[in-house]
Amino acid sequence: MSGSWVNSAERIGADLHLELSGPGGRRAALTRALRDAVRGGRLAPGTRLPPYRSLAADLGVARNTVADAYAELVAEGWLTARQGSGTRVAERAAPSRHAGKAPGTAPPRARGPRHDLRQGTPDVSGFPRTAWLASYRRALQQAPNEVFGPGDPAGRVELREALAEYLARARGVRSTPERIVICSGFAHALRLLSEARVLRGPLAVEAYGLPHHRDLLSRAGVRTVPLPLDERGARVDLLERERGVLLTPAHQFPTGGPLHAGRRAAVVDWARARGGLIVEDDYDGEFRYDRKPVGALQGLDPERVVFVGSVSKSLSPAVRLGWMVLPERHVGEVLAVKGEREAWASVLDQLSLADFLARGSYDRHVRRMRQRYRERRDRLVAALAERAPHIEVTGVAAGLHAVLRLPPGTEAATVARAGRLGVALDGLSGFRHPRAPETVPAYDGLVVGYATPSEHAYAAALDALCTTFPNP
Ligand SMILES: Cc1ncc(COP(=O)(O)O)c(C=O)c1O
């Protein structure tokens, strides 16, 4: 079995590479890996080990496997277990002189940052392995043989039906299975829409957004024009001769506010009057904490809006499944560029997601993760209020990231200092459109992805974050 990075400690917050390999099954492999880590000094005396559940989730092993490994090492004297303070490395378990060089110990893999608070990733330790596996198994068992032949480029009808029902119920999207085209995610949708010439330049994009999407559009020959933002969201009142506009209406990326109701109506009016097209990026629409969900803009006019969603935030960016809900007149054009057979999204994964949706597993998973992210958001806000009250937190009513406003001129130094302390963060300035006019203020800030660390690593990441800010 391959190795895994495990964030080990409340005390040092360090990562530990555990390589579960060698003879004797997973319990023996984990026991050996932990023993080597203690003996070699990679786990310092006094270090608190992760709770069974989190370590089990990170490593993909059963909870009992972790419990048994800990118990064995307690019996051997490497670890201590005390009610209320968890399992720790024993104080006398000093590193040997051959630290890190014990025979049979695998060399450590290249390590990532100690604390990863970059935006863009959900808590991957929360992936619903059991429920997904059950859906995958059912999908495989029930699939007729034709499933294993070339796939329909529109996507499996089972998935399009399940999505039409889910998106109507959860996001207020007006669709039918015939208007849905499955793709491998939002980036793929942008490529397909550009290639089909459904999206054409000049295309207005929010003055703050993902550089990756702007680059992708420009490589596809679609010129983007920055649209200023204010406290009501994108300034759609400034749209003129653009052919389309790309928006994140539920939760502006990355600044975090919803598009104001008046602006939602105004952009639809603009599209109707000018024959323009709106692309709605609903990347994290399920994760809303403080208010009623903000429904899809698409519901206002399905003939003027392309609604795009994916499982990248809700489940995992590794699954590579997304969907477009298209105006009727564009379905054929998009399918024409997609090709004669499905070349992107695994048909088996599509069927698995269809089952996952239809059985309510997706709803249950989103609810569970929403609760987890809400708690993390609250802990972030509370930690800042206590330890860095001069830092303003914004954009926290929804999503998986927050924007922290910094004093002018301090962003680059703060990101660099954080890096030296092992905290990886995104500065806000990197999201600003390179051609944004001077009327778009260039804020100093940090985009903090509070969903990224696994559950047991979050406290240490938050602690490290709070040490990186400039003084008031
Ligand atoms: C603004 C934005 N849009 C869309 C996505 C989803 O992209 P994809 O579906 O290509 O993984 C992300 C990242 O998850 C994002 O940050």
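The values are calculated or read from the model by the stated rules, or taken from the named source; none is laboratory data. Note that the structure is a prediction, hence the values are computed from the model and not measured. Glycine gets a Cβ as well: all are built from the backbone with ideal geometry, and neighbour counts include every protein chain shown. For accessibility, only protein heavy atoms count, side chains too; no ligands or nucleic acids. Shrake-Rupley method; radii C 1.70, N 1.55, O 1.52, S 1.80 Å.
Summary of computed values
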{"item": "Beta bridges by DSSP in the stretch 129-362, antiparallel share as percent, to the nearest 5", "result": "40"}
{"item": "Phi to ³J(HN,Hα) by Karplus 6.51 cos²θ - 1.76 cosθ + 1.60 over the stretch 302-317, Hz, x for Gly, Pro", "result": "x, 8, 10, 10, 9, 8, 10, x, 7, 8, 4, 9, 7, 10, 5, x"}
{"item": "Tilt relative to the chain, helix 261-274 - C-alpha long axis, 0 to 90 degrees, to 10", "result": "50"}
{"item": "Length released on extending from GLN371 to ARG420, taking residue separation times 0.36 nm less the Cα-Cα span", "result": "14.5 nm"}
{"item": "Furthest towards positive pole of dipole, TYR166, SER194, THR410, structure part the chain, Cβ charges", "result": "THR410"}
{"item": "The chain: C-alpha gyration tensor shape, a/c 1.5 cut-off, then a/b vs b/c", "result": "oblate"}
{"item": "Most to least packed among 161-174, 197-210, 408-421 [average Cβ atoms within 10 Å]", "result": "197-210, 161-174, 408-421"}
{"item": "Length added when fully stretched, SER218-ASP152, from 0.36 nm per residue minus Cα-Cα", "result": "20.9 nm"}
{"item": "Beta bridge orientation in the chain: antiparallel %, DSSP, nearest 5", "result": "65"}
{"item": "ARG63-ARG138 pseudo-label distance in nm [points 7 Å out on the Cα-to-Cβ vector]", "result": "2.3"}
{"item": "Distant-in-sequence amide H partners of LEU406 (H built 1.01 Å from N, under 5 Å)", "result": "ASP444, GLY445, LEU446"}
{"item": "Selection from TYR136, PRO50, ALA250, by position along the positive dipole direction of the chain (Cβ)", "result": "PRO50"}
{"item": "Check: the stretch 342-417 dipole with +1 on Lys, Arg Cβ and -1 on Asp, Glu Cβ, in debye", "result": "380"}
{"item": "Inter-centroid distance (Cα atoms) of the stretch 399-447 relative to the stretch 188-245, Å", "result": "22"}
{"item": "Packing-based order for 377-389, 261-273, 29-41, using average beta carbon neighbours within 10 Å, highest first", "result": "29-41, 261-273, 377-389"}
{"item": "Helix axis angle, 361-387 relative to the chain longest principal axis, alpha carbon, degrees", "result": "70"}
{"item": "Set of the stretch 444-463 residues, backbone N closer than 20 Å to the point 7 Å along the Cα-Cβ line of ARG364", "result": "none"}
{"item": "Size of charge dipole - the chain - debye, nearest 20, with Cβ of Lys, Arg +1 and Asp, Glu -1, no other charges", "result": "960"}
{"item": "Among THR452, MET369, ALA397 - extreme Cα towards positive end, dipole of the stretch 366-466, charges at beta-carbon", "result": "MET369"}
{"item": "Portion, in percent, of the accessible area of the stretch 348-451 that falls on carbon or sulfur, probe 1.4 Å", "result": "53"}
{"item": "Electrostatic dipole magnitude of the stretch 129-362 [Cβ: Lys, Arg +1; Asp, Glu -1; Cα centre; debye, to 20]", "result": "200"}
{"item": "Solvent-accessible heavy-atom area per residue, rounded to whole Å², over the chain at 1.4 Å", "result": "44"}
{"item": "In order through the stretch 179-188: 3J(HN,Hα) via Karplus (6.51 cos²θ - 1.76 cosθ + 1.60), integer Hz, x for Gly, Pro", "result": "8, 9, 10, 7, 9, 9, x, 5, 4, 5"}
{"item": "For peptides 185-196, 146-157, sequence by mean Cβ density within 10 Å, most packed first", "result": "185-196, 146-157"}
{"item": "Extension gain from ASP237 to ALA273, taking 0.36 nm per residue of separation minus the Cα-Cα distance", "result": "11.7 nm"}
{"item": "Summed side-chain charge close to SER310 - residues other than SER310 whose Cβ falls under 12 Å, Lys, Arg +1, Asp, Glu -1", "result": "-2"}
{"item": "12 Å beta-carbon shell around GLY399, net charge (K/R +1, D/E -1)", "result": "+2"}
{"item": "Karplus (6.51, -1.76, 1.60) ³J(HN,Hα), θ = phi - 60°, over the stretch 246-254, in Hz, Gly and Pro reported as x", "result": "9, 10, 10, x, 6, 6, 3, 9, x"}
